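Here the structure is laid out as C-alpha cells; the discussion comes afterwards.
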Amino acid sequence: MSTSSRHGSRPRDCHPQQTSTAAVRNSVLVECTDDPAALRLKTIIPDTHKLTHDHGRDEGEFYDLIADPGEVRNR
C-alpha cells in the first residue's frame, strides 16, 4: 500500500507541533466554499462550542460540544 496521496505528497507527522511548548490556540476557524469566487460556510470552534453560519441564508448551526459531543441538538 502506498503512503503518498493522489497528488504525490506524503503524509506528515504533526507530533512535533503537538508536543511543542509554543502557545496553543484555543479555537479554530473553518471556511468552506463550493465556488472559489464566493465563501459559503464559516465555522468557529472554540473549546466548548461550534457555530456554523451559511452565508446567503439566515440559518446556521450551534452546538454545545460538552453537553452534545455528537452534535445532535442544534440550538
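What follows is calculated from the coordinates using simple rules that are stated; it is not laboratory data. What you see is a predicted model; the values in this text were computed from it and never measured. Here the Cβ positions follow ideal geometry from the backbone for every residue, glycine too, while neighbour counts run over all protein chains shown.
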- Query: Cys32: net charge of surrounding residues, Cβ under 12 Å, Lys/Arg +1, Asp/Glu -1, itself excluded?
  - Reply: -2
- Mean shadow of segment 23-75, computed from the convex hull of its alpha carbons, in nm²? 4.7 nm²
- Cβ-Cβ FRET estimate between Ile66 and Ile44, R0 fixed at 22 Å, reported to 0.05: 0.85
- Quickly rank 55-66, 40-51 as a protection proxy: mean count of other C-beta atoms within 10 Å, highest first. 40-51, 55-66
